[in-house]
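The values are calculated or read from the model by the stated rules, or taken from the named source; none is laboratory data. Only a predicted model underlies this, so the values are computations on that prediction, with no experimental measurement involved. Counting neighbours? That spans all protein chains shown, and the Cβs are built from the backbone with ideal geometry, glycine included.
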Amino acid sequence: MEVLETLLIKNLNKTYKAENGDVHALKDVSLTIQPGEFVSIVGTSGCGKSTLLRLIVGLENDFTGEIKLGGKQIQGPDINRGMVFQEARLFPWLTAEENIAFGLVDNHISKKEKKEIVNKHIALVNLTGFAKSYPHQLSGGMQQRVSIARALVNYPNLLTLDEPFGALDALTRLQMQQEFLRIWETEKTTVLLVTHDVDEAIFLADRVVVMSSRPGTISKIIKVNASRPRDRNSCAFADIKKEIYKELFKEDNLLIDYII
C-alpha cells in the first residue's frame with residue numbers, strides 16, 4: 001500500500017465551449033485535502049461538482065490552474081486515483097470477482113497475488129459468497145459494493161465518488177453509507193465525495209465543501225466537529241445541516257425558512 005499524499009487544487013478554472021458562448025464551469029477553485037481525510041462536496045445541480053472530480057481523476061485536462069497529488073501535477077487517468085460513479089458500471093458478462101479483478105488489469109502482479117487481493121476486497125465489502133455471481137444476480141447495493149471494491153483493489157492514493165448511492169432506494173442508501181464508512185475506517189484512503197444529500201455529506205465527511213452556482217466556486221468549507229458514528233437526530237448534526245443550507249440558499253431567505 002502506498003503512502004497517502006496531499007491533494008492540492010489551486011486557482012482551478014474550467015471553461016467549456018458551447019454554441020451560445022463559453023460556459024464557465026469552475027472559477028478560481030482552491031482546496032487542500034490531507035492524506036486520509038474524508039471530504040464531501042455539496043452544491044446545486046450544474047455548479048461543477050462532477051466536473052471537478054473528472055479533472056482530479058484526469059478524465060479531462062483542458063483547464064487552467066493546478067491539481068497536484070503528492071506535489072505532482074495530474075495529467076491523466078492513473079490507477080493511483082480511483083473513481084466510483086452513480087451507476088455501478090459493471091461488465092454484465094463478468095462475475096463479481098472478475099469485475100473486481102479487472103481493476104488490476106494493468107497491475108503487474110502474479111495470478112496468486114491477484115486472487116488474494118480480490119478475495120480480500122470481496123470480504124472488505126461484505127460480499128463473501130457472491131464472488132461467482134453476475135451483476136444481474138446482485139441487488140443495486142451489492143453491485144455498488146463490487147464497484148467500490150474494484151476502485152480500491154489498487155490501493156489508490158485517492159478515491160473519488162460521484163453520487164455513488166444516488167440511484168439506490170432510501171433504506172439501501174442509508175445502509176450503504178454505513179457500510180462505506182466502515183470500509184473507509186478500515187482502508188483509511190483519502191476520499192472525495194460529491195453528493196446532493198446534505199445528511200449524507202455530514203454523516204460521512206470530516207469537512208463539507210459548499211459550492212456556489214455556476215461558475216462553481218468554493219462558497220464555504222464547514223468542519224464537522226462530531227465524533228463517529230454520528231447521530232442524525234442530534235442538535236450538533238442539525239446545526240451543521242442548518243449552516244450548510246444557509247450557505248446553499250443564502251440568496252433565497254424564504255426557501256431557507258421553509259427547509260429549516
All conditions in (1) part of a loop (DSSP other than H, G, I, E, B); (2) in contact with a helix residue (DSSP H, G or I) (Cβ under 7 Å, 6 or more places away or on another chain); (3) among the polar types (S, T, N, Q) are true of residue 186 except (1)
Over region 26-64, the set of residues more than 24 Å from residue 223 (Cβ to Cβ), of a type in the set (A, V, I, L, M, F, W, C) and not in a loop (DSSP other than H, G, I, E, B) is 55, 57
When every residue in region 67-99 that is touching a residue at least 40 places away in the same chain (Cβ under 8 Å) and part of a strand (DSSP E or B) is compared, the one nearest to residue 147 (Cα to Cα) is 84
Filter region 230-255 for residues that are part of a loop (DSSP other than H, G, I, E, B) and modelled with pLDDT under 90; the one that is farthest from residue 210 (Cα to Cα) is 252
Restricting region 1-25 to residues that are surrounded by 19 or more Cβ atoms within 10 Å (Cβ to Cβ) and at pLDDT below 95, the one nearest to residue 104 (Cα to Cα) turns out to be 4
Residue count, region 200-233, condition more than 19 Å from residue 47 (Cα to Cα) and either crowded, with 18+ Cβ neighbours inside 10 Å or in contact with a helix residue (DSSP H, G or I) (Cβ under 8 Å, 6 or more places away or on another chain) (or both), comes to 12
Residue hits (region 39-59; hydroxyl-bearing (Ser, Thr, Tyr) and either on the phi > 0 side of the Ramachandran plot or at pLDDT below 90 (or both)) are 44, 45
Exactly one of 54, 89 is of a type in the set (Lys, Arg) and touching a helix residue (DSSP H, G or I) at 6+ places or on another chain (Cβ under 8 Å), and that one is 89
